[in-house]
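The values are calculated or read from the model by the stated rules, or taken from the named source; none is laboratory data. Just so we're clear, the structure is a prediction, and the values are computed from it rather than from any experiment. A quick note on method: Cβ atoms are made from the backbone with ideal geometry, for glycine too, and the neighbour counts reach across all protein chains shown. All accessible areas refer to the heavy atoms of the entire protein, side chains included, with ligands and DNA or RNA removed. Shrake-Rupley method; radii C 1.70, N 1.55, O 1.52, S 1.80 Å.
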Amino acid sequence: MTSPMKPPEGNWWGQSVNRRESIWLGLSGIWSILIFGWMSGYTRFGDQNPIGETLKVSPEEYQEKMNDYTDEASETEEGLLVPSGDDVYFAAQQWYWQGAPVILETGREYNIHLSSLDVQHGFSMRPEQALSKQINFQILPEYEWILPMEFDEPGTYHLICNEFCGVGHRTMHGRVEVVEEL
Ligand code: CUA
């Protein structure tokens, strides 16, 4: 059987690249480098991607940090955790969020610590009045993310796991209450 595709005529591999082709090739090369640089620059200077800080941590160590944090925190009558300082911890676990429900206040910069004690989870936080508005972070065991976060508006924020993590995934929900003043 012969192929219906015919090779171009003559010694086509030996011909030099057409001038226009070289110009476009050069331009696209320069453009790719610019965009690549911008991607890295935007992570640092844009306000969409907080890079925060990451630490290496074992699940056992993170559980200890979590225990110290909850020991120091107090609790409201409704059972909401009140952090003692600006550090707020959440530990993702099949299938709940340790550290929730928690009560925080607006206009204060918190350091949100995130890690998983078992498998990969997704941290998705959404204000109740606009559930499609959300921030998302992948949470992996062995890594502790520290994200600076400030709430502009009071209200209920839902904490939802958005990474499939097993049979209880859809029940993995937590709550963050934000008030104007604690
Ligand atoms: Cu945790 Cu899905």
* Structure fact -> Note, segment 72-80: 3J(HN,Hα) by Karplus (6.51, -1.76, 1.60, θ = phi - 60°), whole Hz, Gly/Pro = x, goes 6, 6, 10, 9, 7, 4, 7, x, 8
* Structure fact -> Computed over the chain, protein heavy atoms only, probe 1.4 angstrom, the accessible area per residue in square angstrom equals 67 Å²
* Asked: Points 7 angstrom from Cα along the Cβ direction at GLN120 and ARG20: gap in nanometres?
  -> 4.5 nm
* segment 53-179, relative contact order [Cα under 8 Å, separation at least 6], % -> 28 percent
* Structure fact -> Here the averaged projected area of the chain, based on the convex hull of its alpha-carbon atoms and given in nm², is 19.1 nm²
* Asked: Along segment 94-101, what does the Karplus equation 6.51 cos²θ - 1.76 cosθ + 1.60 (θ = phi - 60°) give for ³J(HN,Hα), rounded to whole Hz, x for Gly and Pro?
  -> 5, 9, 8, 10, 6, x, 10, x
* Asked: So in the chain, what percent of DSSP beta bridges are antiparallel if you round to the nearest 5?
  -> 70 percent
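On the accessible surface of the chain, probed at 1.4 Å, how many percent belong to carbon and sulfur atoms? Working shown, then result.
Numbers: 6660 of 12170 Å².
Carbon with sulfur: 55 percent of the solvent-accessible area.
What 222 nm value per residue comes from the helices of the chain, counting each DSSP H run with n ≥ 4 as -39,500 (n - 2.57) and dividing by all residues, nearest 500 deg cm²/dmol?
-8000 deg cm²/dmol
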* **Eligible aspartates and glutamates near LYS133 by straight Cα distance, threshold 18 Å, same-chain separation 8 or greater** => ASP47, GLU150, ASP152, GLU153, GLU163, GLU177
* Order the following by accessible area, largest value first: THR2, THR171, THR43. Probe radius 1.4 Å; ligands, DNA and RNA are ignored. => THR2, THR171, THR43
* Structure fact -> With x for Gly and Pro, the residue-by-residue ³J(HN,Hα) of segment 135-151, computed from phi through the Karplus equation 6.51 cos²θ - 1.76 cosθ + 1.60 at θ = phi - 60° and given in whole Hz, is 10, 9, 9, 7, 10, 10, x, 6, 10, 10, 8, 10, 10, x, 8, 10, 9
* Roughly how many debye, to the nearest 20, is the charge dipole of the chain about its Cα centre, given +1 on each Lys and Arg Cβ, -1 on each Asp and Glu Cβ, and no other charges? -> 1800 debye
* All lysines inside 21 Å of LYS65 as judged from Cα atoms, apart from same-chain residues fewer than 8 positions distant -> LYS56
